[in-house]
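*Asks:* Have a look at this one before I ask anything.
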Amino acid sequence: MLKNVIFDMGNVLIEFLPERLVKRCRLAPEDEQILLKEVFYSGNWKKHDLGLVDEKELYELSVSKLPEHLHNAAEEMIFRWQDPLVPVEGMADLIRELKEKGLNLYLLSNAGRDQKGYWNRIPGSAYFDGTVVSAYEGCAKPDRKIYEILLDRYGLIPEECLFIDDMEENLTAAADLGMAVYRFDGDIERLKNDILKKSEGEKTC
């Protein structure tokens, strides 16, 4: 029977869509593509999620490859992408309902050390029983190690867990450890029904 629900953060609890984020900077389309490439998709953001570089170091790595007129935009994306945070609609209400039903809630996220600074601003975060964030562990999904850290730290049995993520490779790694998994596509009602069926011990399609 399901006892523990484990949530990813980006595109599950809050929106994290670089193509939307760069729109805030009001750049020409070609500059948007340059910013996306050097800030989000160069590999340096992954280093940030692994805790290998902090925000200042990420900024320095990024601007070394950017034209000067994009330095301010890079600063905005690296230091203030979470201002404002955009919650996934309906998720906070679902989290509260799951907690009221007695389920334990956990976060397993690939994120930088700055996550601690905005976590309490995410609606529903107060209901969580524990968090594991990649930058503090030195490993990231889909590395098996980070799932094992979560299970060991909180004494969780994989067969009693449901892991919710938006990326198939992350779900596959969780399933390999024996967890039930759910790929979130924005449909809160479908997710809610799936969780409630699992928590009641019913079979799902």
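*Asks:* Among what's in region 25-54 and is over 29 Å from I95 (Cα atoms) and either touching a Gly at 6+ places or on another chain (Cβ under 7 Å) or among the basic types (K, R) (or both), pick the residue that is surrounded by the most Cβ atoms within 10 Å (Cβ to Cβ).
*Replies:* Per the criteria, the residue is K47.
*Asks:* Something else now. Could you pull out the residue among R20, R96 that is within 17 Å of the chain's Cα centre (by Cα) and surrounded by fewer than 17 Cβ atoms within 10 Å (Cβ to Cβ)?
*Replies:* Every option except R20 fails the conditions.
*Asks:* Going by the structure shown, is G90 under 22 Å from G138 (Cβ atoms), among the small types (G, A, S) and at pLDDT 95 or above?
*Replies:* no
*Asks:* Taking region 175-195 as the search range and keeping residues that are touching a residue at least 60 places away in the same chain (Cβ under 8 Å) and aliphatic (A, V, I, L, M), which one is surrounded by the fewest Cβ atoms within 10 Å (Cβ to Cβ)?
*Replies:* Going through the qualifying residues, I end up with I188.
*Asks:* Go through (1) within 16 Å of L162 (Cα to Cα); (2) touching a strand residue (DSSP E or B) at 6+ places or on another chain (Cβ under 7 Å); (3) buried (at least 19 other Cβ atoms within 10 Å of the Cβ) for M91 and report which single condition fails.
*Replies:* (2)
The values are calculated or read from the model by the stated rules, or taken from the named source; none is laboratory data. The structure displayed is predicted, hence computed values, not measured ones. Methodologically, a virtual Cβ is constructed for each residue, glycine included, from the backbone with ideal geometry; neighbour enumeration extends over all protein chains shown.
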